[in-house]
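Report on one structure; see the data block that follows.
The values are calculated or read from the model by the stated rules, or taken from the named source; none is laboratory data. Just so you know, these numbers come straight off a predicted model, no measurement behind them. As a convention, Cβ positions derive from the backbone with ideal geometry for all residues, glycine included, and neighbour counts pool all protein chains shown. Just so you know, the surface numbers come from the protein's heavy atoms only, side chains and all, with ligands and any DNA or RNA stripped out. Shrake-Rupley method; radii C 1.70, N 1.55, O 1.52, S 1.80 Å.
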Amino acid sequence: MALELVPIGTILAVLTNQVLKTAQAAKDVLIGKECFKVLSKHLFDIEPVLKELQLQKLNDSQAAKQALENLEEDVKKANNLVERYKNCARFYLLFKCRHIVKEVEEVTRGIGRSLAALSLANTEVLAGISDQVNRLQNEMQRVEFEASQSQIKIVDKLNQGINDAKLDQDFANDMLEEIAMAVGVPVEPSEISKELENLRKEKEETTNRKERAEAFFLEQVIELLSRADAARDFEQVKEQYVQRARVIERYDCSREYITPLKTFICPINQTVMVDPVNLCTDTTCERAAIKAWFDRGERTDPETGDLLGDFTLRPNLRLRQSIEEWREINYCLQIRSSKEKLLSGVDLSVEAALIQMQDLMRENSINKDWITIGGLTAIIVSILGSSHNKDVKRNILITLKYVVEGHARNKEKVVEFKGLDHIIPCLGRDSSISKAAVELLYELLQDKSGWNESVCRKLSQTCSAILFLVTLLKGPVKESAEKAEKILMKLCDEDEENISRAARADWYKPLIDCIIRGSETSRISMVRTLVNMELVDQNIKLLGKEGVIPPLLEMASGNVESQEASLSALVKLSGCHANKELIAAAGGVPIIRDLIFSPHTAIIIARCCEVLEKLTSNDDGIKFLVDKNEKQLEIEQIIKKLLAFLHSPNSSNIMLRPALRALLGICKSEARFIKTAVLTANGVSLILPLLDGSDPEIREIAINLLSLFSQHEPEGVVEYLLKPKRLEALVGFLENGDKADVQMAAAGLLANLPKSEVPLTTKLIELEGLNAIISILRSGTMGAKENALTALFRFTDPANLDSQRKVVELGAYPLLVRFLRVGSVTAKARAAALIGNLSTSSPQLAVVPKPARCLCFRSSRVPLCSAHGGICSVETTFCLLKADALAGLVELLHEENDATAYEAIQTLSTLVREDSPQRGANVLHEADAINPTLEILNWGPGPLKEQALVLLEKVLTVREMVEKYGSVARLRLVDITGRINIHEDGNLRRKAAGVLALLERYSGFDTSSLAPGLNG
């Protein structure tokens, strides 16, 4: 019906509905969304203009009617465009993206022009919305659209590939994946098949429209994409294999290859063609080869040599199909041959089959499906589990990677065939096998979206997998380590138990990450895992280095559950010196201190005390008891708090043990802290009752503390020990050879007690405490021996001959002599002093025989001691000569050590009696003890020189000694007396002057010229 016969109102109503319909439909087009969206918006903006025209009296001029007619026509074009592309195949829309946006641009501009003409014809009517109409028609006429750059890039890549005749499998797979992702189609065979079928329909429509170029392009695209793995329907692939397998049944089992027909061979490169094309002369060549022929300038038929008048190339689809069938039959022959070799059980045949399978899959990916359909995948998985040949195993792993790479169905099959059970043990083999195994495992765990969750869960159920993967992670092969780490991280994300397994395999990164960033529940769980692990020192240090300590300290400020877990972990870690530094640097010690000083459960206090104990252990003392700025904490307050636990009724043994150890560590570091504990905090009275307790560990720590405390308050300890059963306990500690530190502490405690307490000494002898001390001298640690030597002084007091005799009877003397040679400096000095104590009693114990009355008895006379002039022995007179101690004592003088030389000089002095020095002086002379004594006057400190002068003063009263040593002694003495400017040597000078005067008295030599003023 002519437009002029239709009422204007009706035309406007129909046009308005058409605009709205087109505007709504334009929003649903998938490709070129942005341009269709703009078109839709403009159409919606036109609606109020049309409604305004319906409300007003429209100008019924010819121009107005023509404008409406043009607008209606343009809106119809837009609607047709929208309808056409709204239902098109998505792949087709992508290929047409450039053309689509240009069509939308053109139709939008056309509507804008029509709207401008309508506005001019109805200026008065549209006066109220003229600005809106003008803006709208201007925007529509100037609109410019461009296709998405990412879509253009895909289309250009596809065009280039088709132009270059790229028909290989990899290119097909890549293009299909990119196209599918661009249009939102899942890369699954069922979905891809639908899209390709829709694309074929589009190709048929273009053929019907006589659009030959587009139809040819679509045909090439369909052919290319159909080669992709995801484009194959498995049932079709399976049926195709079955058909080809039936064909080869007519061939002998030994047949592996059918030679190609001559027509399959390209006349240019003499190889079987892939993409055969016909020339105008009907000669068939490989497309790439004939293009290269033309590119070289050739214009003739490569087979006949005839000059070509037309250079058009026409695909020979029938020949291509025949060639593909020939190839597929050969594939099936080789698959059959490979299967027979695999089943032969001969390693060389198996390896040959594996190489053959790899070649097949490299040549055409359809063989991945056919190898599995033919049963070969199941066979090689089985051989992987049973073979002991490492080359076979490695090649199977490599072959399986070919089988599953990018192939979801084959991955499922390998897992279904229990492949994981055989692959995982290969992770622990040599590097060539483990590398192939981890690469295969990584591929099995992947799918199109990333990780295959189902396979990851199955792998998580295999406990040994984590251990093997951690081993690879720490191995020398970088590629294997990277793959192993990625798998491990995924498994740890999958299941927290895998984090624990990884940590037990000595890989702590996921554990630490979880402790740092996990939820509260996860953090507590992982910390408990850490606590329950058995860690060597190296791993404890590594955990600290990798950052676990700061989050643990943070958790220590959380709820009770979090505190208990984190403190238990800190106890485990804080024994390492490096971790002590990290705890201190992170400000952890004030946190621990504050928890101790605040009201908390016994277990929290106990854990804090354990951390404090570890921080002070190994003689570190208070070194790490600092804040994060390295400022020392108030140690005295900590000591008082630790001691306060001892009289608290709520303090259990679990709390007391670490508290006492921490106190011991602090007090051992500096003497001033012992004083604080004893005098300020009344430590002795608090510790002593612990010796009566039933807990052996607490009693042992208590004896260690008392050993320190007794230096400052020995009286209270003596009073305690003299009470019933107390001293027996101390002797028990002395006898405890299994606990060296306890034994040493008990001996140290005894050494600190006053020697004047005779009742204590007597009771110790009665309770065989002396036996225990001498036993320590035989088999204790050097520290225990040193304390035992000091404790022995109370039993060698010259005023108590019975006690001395008991010491000798129990075999102490040989032990003391041995210490002179092999003990520590302290042990040597104390042994020398103890021998001196015993030697002091020798003169009064030596038996001087009465003169014989008859000459006939002279031959049986007992030899007399050269030092004491009587009958001596070790047992009866404690004679150091009889004990062979003299040489050891003289050797101490030669060692030039202050402490040992001092005690040796004093002991040697016991041999020279003031009333009869001749014997002792001769003994010292014969033992070459006088020269080193004189040397002491050169190198020794003041007190030692004084002792040397005391000895020389006695020796030089003997004229023979003056004659032998006078000149040397005189020089040494004059040197000392000449130091008139050194005030602190005053006593020494006077002593030296006295000896020098004595020397001159016996030699008749005048010393006034050498040292003027000495006698003034």
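Applying the selection to the stretch 281-291, what residues are touching a residue at least 24 places away in the same chain (Cβ under 8 Å) and open to solvent by less than 60 Å² (accessible area, probe 1.4 Å)?
Residues satisfying the conditions are T281, T284, R287.
Give the stretch 844-892 a look and list any residue that's of a type in the set (V, I, T), at pLDDT below 90 and within 24 Å of E914 (Cα to Cα), or say none. Talk me through it step by step, then tell me what you get.
Going through the stretch 844-892, the residues of a type in the set (V, I, T) turn out to be 847-848, 862, 871, 874, 876-877, 890.
Checking the rest, the ones that are also at pLDDT below 90 come to 847-848, 862.
Across the stretch 844-892, the qualifying residues are V847, V848.
Do we have any residue at all in the stretch 702-719 that's without any contact (Cβ under 8 Å) to a residue 12 or more places away in the chain, exposed (fewer than 15 other Cβ atoms within 10 Å of the Cβ) and part of a helix (DSSP H, G or I)? Reasoning before the result, please.
Taking the stretch 702-719 as the starting set, the residues that turn out to be without any contact (Cβ under 8 Å) to a residue 12 or more places away in the chain are 719.
Right, trim to exposed (fewer than 15 other Cβ atoms within 10 Å of the Cβ) and you get 719.
From what's left, part of a helix (DSSP H, G or I): 719.
Looking through the stretch 702-719, at least one residue is without any contact (Cβ under 8 Å) to a residue 12 or more places away in the chain, exposed (fewer than 15 other Cβ atoms within 10 Å of the Cβ) and part of a helix (DSSP H, G or I).
Quick one: how many residues across the stretch 166-178 are modelled with pLDDT under 80 and either of a type in the set (S, T, N, Q) or surrounded by 17 or more Cβ atoms within 10 Å (Cβ to Cβ) (or both)? Let's see the steps before the verdict.
Keep residues of the stretch 166-178 that are modelled with pLDDT under 80, which gives 166-170.
From what's left, either of a type in the set (S, T, N, Q) or surrounded by 17 or more Cβ atoms within 10 Å (Cβ to Cβ) (or both): 166-167, 169.
Total satisfying the criteria: 3.
Cβ-Cβ below 9 Å, separation at least six or inter-chain, first residue in the stretch 664-675 and touching a residue at least 24 places away in the same chain (Cβ under 8 Å), second among the basic types (K, R) and open to solvent by 50 Å² or more (accessible area, probe 1.4 Å): which pairs?
G665/K614; S669/K623; I674/K668
Taking the stretch 433-481, which residues are hydroxyl-bearing (S, T, Y) and open to solvent by less than 20 Å² (accessible area, probe 1.4 Å)? Walk me through how you get there before you give the answer.
Of the residues in the stretch 433-481, the ones hydroxyl-bearing (S, T, Y) are 434, 442, 449, 454, 460, 462, 464, 471, 480.
Answer for the stretch 433-481, where residues must be hydroxyl-bearing (S, T, Y) and open to solvent by less than 20 Å² (accessible area, probe 1.4 Å): S434, S460, S480.
State the number of residues belonging to the stretch 988-1016 that are at pLDDT 50 or above and surrounded by 11 or more Cβ atoms within 10 Å (Cβ to Cβ).
Just the residues of the stretch 988-1016 that are at pLDDT 50 or above, to begin with: 988-1004.
Now drop any that are not surrounded by 11 or more Cβ atoms within 10 Å (Cβ to Cβ), which leaves 988-1003.
Adding up the residues that qualify gives 16.
For the stretch 676-701, enumerate the residues that are in a helix (DSSP H, G or I), open to solvent by less than 50 Å² (accessible area, probe 1.4 Å) and under 18 Å from F733 (Cβ atoms). It would help to see each step written out before you state the result.
Here is the first cut: in the stretch 676-701, the residues in a helix (DSSP H, G or I) are 676-680, 683-692, 696-701.
When the remaining residues are screened for being open to solvent by less than 50 Å² (accessible area, probe 1.4 Å), the result is 676-678, 683-684, 686-688, 690-691, 698, 700-701.
Within the stretch 676-701, V684, I687, L688, L690, L691, I698, E700, I701 meet the criteria.
List the helices (runs of 4 or more DSSP H) inside the stretch 413-474, counting only whole elements, that have at least 3 residues being of a type in the set (A, V, I, L, M) and in contact (Cβ under 8 Å) with a residue 24 or more places away in the chain. Before the answer, list the steps.
Numbers: elements: 419-426, 431-444, 453-460, 463-473.
Correct list: 419-426, 431-444, 463-473.
Has the stretch 587-602 got at least one residue that is touching a strand residue (DSSP E or B) at 6+ places or on another chain (Cβ under 8 Å), assigned to a helix (DSSP H, G or I) and among the small types (G, A, S)? Let's see the steps before the verdict.
Going through the stretch 587-602, the residues touching a strand residue (DSSP E or B) at 6+ places or on another chain (Cβ under 8 Å) turn out to be 589.
With the extra rule that they be assigned to a helix (DSSP H, G or I), the set shrinks to 589.
Pick out the ones that are also among the small types (G, A, S) and you get none.
Within the stretch 587-602, not a single residue is touching a strand residue (DSSP E or B) at 6+ places or on another chain (Cβ under 8 Å), assigned to a helix (DSSP H, G or I) and among the small types (G, A, S).
Pick from L582, L646: which is over 23 Å from T521 (Cα atoms), open to solvent by 50 Å² or more (accessible area, probe 1.4 Å) and part of a helix (DSSP H, G or I)?
Details: L646 fails: open to solvent by 50 Å² or more (accessible area, probe 1.4 Å).
After applying the criteria, what remains is L582.
Say we look at the stretch 188-237 and pick out the residues that are of a type in the set (K, R), over 56 Å from the mean Cα position of the chain (by Cα) and assigned to a helix (DSSP H, G or I); which of these is surrounded by the fewest Cβ atoms within 10 Å (Cβ to Cβ)? Let's see the steps before the verdict.
Of the residues in the stretch 188-237, the ones of a type in the set (K, R) are 194, 200-201, 203, 209-210, 212, 227, 232.
Remaining after also requiring over 56 Å from the mean Cα position of the chain (by Cα): 200-201, 203, 209-210, 212.
Retained after the next criterion (residues that are assigned to a helix (DSSP H, G or I)): 200-201, 203, 212.
Working: R200: 15, K201: 13, K203: 21, R212: 10.
Among residues in the stretch 188-237 that are of a type in the set (K, R), over 56 Å from the mean Cα position of the chain (by Cα) and assigned to a helix (DSSP H, G or I), the one surrounded by the fewest Cβ atoms within 10 Å (Cβ to Cβ) is R212.
Yes/no matrix, rows are residues, columns are (1) touching a Ser or Thr at 6+ places or on another chain (Cβ under 9 Å); (2) open to solvent by 70 Å² or more (accessible area, probe 1.4 Å); (3) of a type in the set (A, V, I, L, M):
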position	(1), (2), (3)
C332	no, no, no
S338	no, no, no
L342	yes, no, yes
V346	no, yes, yes
I355	yes, yes, yes
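Please work out if E497 is in contact with a Leu (Cβ under 6 Å, 6 or more places away or on another chain), part of a helix (DSSP H, G or I), open to solvent by 50 Å² or more (accessible area, probe 1.4 Å) and not small (G, A, S). Give the derivation first.
Working: in contact with a Leu (Cβ under 6 Å, 6 or more places away or on another chain): no; part of a helix (DSSP H, G or I): yes; open to solvent by 50 Å² or more (accessible area, probe 1.4 Å): yes; not small (G, A, S): yes.
Criteria not met by E497.
How many of the residues in the stretch 738-791 are open to solvent by 30 Å² or more (accessible area, probe 1.4 Å), in contact (Cβ under 8 Å) with a residue 12 or more places away in the chain and assigned to a loop (DSSP other than H, G, I, E, B)?
7
Residues being within 15 Å of I265 (Cα to Cα) and surrounded by 13 or more Cβ atoms within 10 Å (Cβ to Cβ): count how many of those fall in the stretch 305-323.
5
Could you list, in sequence order, all residues of the stretch 529-551 that are assigned to a helix (DSSP H, G or I), open to solvent by less than 70 Å² (accessible area, probe 1.4 Å) and either closer than 11 Å to I512 by Cβ or basic (K, R) (or both)?
Taking the stretch 529-551 first, the residues assigned to a helix (DSSP H, G or I) are 529-532, 537-545, 549-551.
Adding the requirement that they be open to solvent by less than 70 Å² (accessible area, probe 1.4 Å) leaves 529-531, 539-540, 542-544, 549, 551.
Selection gives L530, L542, L543, G544, I549, P551.
Kindly establish whether T616 is touching a Ser or Thr at 6+ places or on another chain (Cβ under 6 Å), among the polar types (S, T, N, Q) and surrounded by 18 or more Cβ atoms within 10 Å (Cβ to Cβ). Give the steps one after another, and end with the answer.
Working: touching a Ser or Thr at 6+ places or on another chain (Cβ under 6 Å): no; among the polar types (S, T, N, Q): yes; surrounded by 18 or more Cβ atoms within 10 Å (Cβ to Cβ): yes.
Spelling it out, it is not the case that T616 is touching a Ser or Thr at 6+ places or on another chain (Cβ under 6 Å), among the polar types (S, T, N, Q) and surrounded by 18 or more Cβ atoms within 10 Å (Cβ to Cβ).
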